[in-house]
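Note sheet for the following structure.
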Amino acid sequence: MKSTRIGLVAAAAVLALTASACGSDDGGEGSGGDGIKIGIKFDQPGLGLKKGSDYAGMDVDVAKYVAKQLGHEEDDIQWVQAPSAQRENLLSTGQVDMIVATYSITDERKQKVGFAGPYFVAGQDLLVRADDSSITGPDSLDGKKLCSVTGSTSAQKVKDEVAGVNLREFGTYSECVTALVSGGVDALTTDDTILAGYAAQDQYKGKLKVVGQPFSQENYGIGLKKGDTATCQKVTDAITKMITDGDWQKIVDANLGPAGYKPPAGNPPTPDACS
């Protein structure tokens, strides 16, 4: 009996060591200590979307390009979900090395994190049904049913500007899209890139369109730990190379082109100096 117990203990120890060597399966861990942890969205078609163990979208492709310029192959990347409300905390606590997740550069955020970029200039726009020609911008929303996510600044902006709009707020943009297709609402508003991503999904092709009249400017940057100007400069150089080499255009076309989306004025952008 004693020898059996010793054998079981030894076997358990071997299993523990094996599990430790393999690392944890958290949805995309890279290769050991040489890896890089990048925060992205997991639920934005065309930008950052997790499908099983695969990740796709414009932000994902930008992140892969930048990581490669920093010396990291794709297998080195550990993808980390970065919900909007958690992005600053993820960076400040070192849970990620950078964030590429429709992260608009603002003066308020600059107080907490660093930014490289912008790598893309987006704008708030409207998504409507493909056969609807009555909505051409915010000024044509009077009496219309508009959908956005609860607490969204996008929804509030339109509500403030168009007194006659009937705002419906849902928990997710996916719910808004479903309501739009079924006729429950007349339009959905948020960043044009997000709208284009939904319109490009296979189940919505030919059914939805982005109006194409952006009425705000959102400069997407790559979030970094505040004060790390050395990394900021390397990332800025990578963004510049991506734009000048033509890879930026290929990434945008591949991910947002299927929706007929055309980047608004200001694209491709010139990255700001690091400070």
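Of note:
- A residue that is hydrophobic (A, V, I, L, M, F, W, C) and under 20 Å from GLY39 (Cβ atoms) occurs somewhere in the stretch 263-275.
- Restricted to the stretch 166-275, the set of helices (runs of 4 or more DSSP H) holding at least 1 residues that are at pLDDT 95 or above comprises 173-182, 229-244, 247-256.
- Some residue of the stretch 187-210 being within 18 Å of the chain's Cα centre (by Cα) and surrounded by fewer than 21 Cβ atoms within 10 Å (Cβ to Cβ): yes
- Within the option set GLN201, GLN249, being within 21 Å of ILE40 (Cα to Cα) and not assigned by TED's automatic domain parsing to the domain that holds LYS110 holds for one residue only, GLN201.
- Residue within the stretch 108-129 that is surrounded by fewer than 21 Cβ atoms within 10 Å (Cβ to Cβ), among the acidic types (Asp, Glu) and assigned by TED's automatic domain parsing to the domain that holds LYS205 present: no
- The set of residues from the stretch 211-234 being buried (at least 17 other Cβ atoms within 10 Å of the Cβ), over 30 Å from SER134 (Cα atoms) and among the hydrophobic types (A, V, I, L, M, F, W, C) comprises ILE222, LEU224, CYS232.
- Output for the stretch 68-104, where each listed residue is of a type in the set (Lys, Arg) and either under 16 Å from GLY35 (Cα atoms) or without any contact (Cβ under 8 Å) to a residue 60 or more places away in the chain (or both): LYS68
- The residues on offer are VAL158, VAL149, VAL165, VAL181, and the sole one that is under 21 Å from GLY260 (Cβ atoms) and β-branched (Val, Ile, Thr) is VAL181.
- Conditions (1) modelled with pLDDT of 90 or more; (2) assigned to a loop (DSSP other than H, G, I, E, B); (3) over 30 Å from ALA67 (Cβ atoms); number of the one not met by LEU146: (2)
The values are calculated or read from the model by the stated rules, or taken from the named source; none is laboratory data. No experiment lies behind these values; they were computed from the predicted model shown. Because the Cβ atoms are built from the backbone with ideal geometry, glycine has one as well, and the counts that use them run over all protein chains shown.
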